[in-house]
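Notes follow the structure.
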Amino acid sequence: MTEVRELLRRDIDPGEYNEIRELWKRHSLAEDRRDIAGLLATLTDDCVYELVGTSHVWQGHEGATRFYGGLLSAFPDIDFELTNIVIGPQGVCEEARVIGTHEADWLDYPAARERVEFRVVIFFPWDPGRKLFKGEKVYVSMPGEAERL
């Protein structure tokens with residue numbers, strides 16, 4: 001509860017808002033280019049990637065590299081179509097429609113070898129001291145698969 005109160009007390013500073021927005025843009029462009037080094041440059045060393053509601057968690061730059069390696073191998077043509085975004089002093093929250101061909105197994109999901117579509121909400125927590133994201137908390141909704149998440 002104390003952490004949430006601290007987050008609520010963060011002042012909205014236009015300069016910091018711009019830093020957060022620009023970092024998110026760099027992160028998104030690196031993802032579009034499949035540029036893992038560019039992605040890692042937007043993250044703290046101790047970042048955490050979490051697929052919320054599952055036991056899947058990846059820690060640090062090595063973990064983020066494994067997360068993206070697995071995701072991009074499973075869905076080589078993955079496309080995140082942004083449908084909503086909120087930026088504030090706590091970080092970024094985005095909602096997206098994801099479309100891609102499920103070519104290889106990913107986590108607990110065997111390769112479908114066909115185009116799939118699902119929705120995600122991703123929270124990028126902001127580290128104001130290091131001016132980087134502390135990772136991603138990913139909420140996934142896959143049609144017919146929600147009970148498995």
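The values are calculated or read from the model by the stated rules, or taken from the named source; none is laboratory data. None of these values were measured; they are calculated from a predicted model. Note that we place each Cβ from the backbone using ideal geometry, even for glycine, and neighbour counts take in every protein chain shown.
Below is a table of values for the structure above.
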{"quantity": "Positions within the stretch 126-146 being within 14 Å of Leu51 (Cα to Cα) and either assigned to a helix (DSSP H, G or I) or modelled with pLDDT of 95 or more (or both), in sequence order", "calculated": "Gly135, Glu136, Lys137, Val138, Tyr139, Ala146"}
{"quantity": "Only one of Gly88, Gly100 that is of a type outside the set (Asp, Glu), over 15 Å from Glu136 (Cβ atoms), in contact (Cβ under 8 Å) with a residue 40 or more places away in the chain and surrounded by 14 or more Cβ atoms within 10 Å (Cβ to Cβ)", "calculated": "Gly88"}
{"quantity": "Any pair with Cβ under 7 angstrom, 6 or more apart, that starts in the stretch 105-132 at a residue that is touching a residue at least 24 places away in the same chain (Cβ under 8 Å) and ends at one that is outside any strand (DSSP E or B) and of a type in the set (Val, Ile, Thr)", "calculated": "Trp126/Ile20; Leu132/Thr42"}
{"quantity": "Positions within the stretch 1-26 being loosely packed, with under 12 Cβ neighbours inside 10 Å and outside any helix (DSSP H, G or I), in sequence order", "calculated": "Met1, Arg9, Asp11, Ile12"}
{"quantity": "In the stretch 27-57, the residues that are in contact (Cβ under 8 Å) with a residue 60 or more places away in the chain and surrounded by 17 or more Cβ atoms within 10 Å (Cβ to Cβ)", "calculated": "His27, Thr42, Leu43, Thr44, Cys47, Val48, Tyr49, Glu50, Leu51"}
{"quantity": "Selection status of Arg115, under 14 Å from the mean Cα position of the chain (by Cα), surrounded by fewer than 17 Cβ atoms within 10 Å (Cβ to Cβ) and more than 26 Å from Glu16 (Cβ to Cβ)", "calculated": "no"}
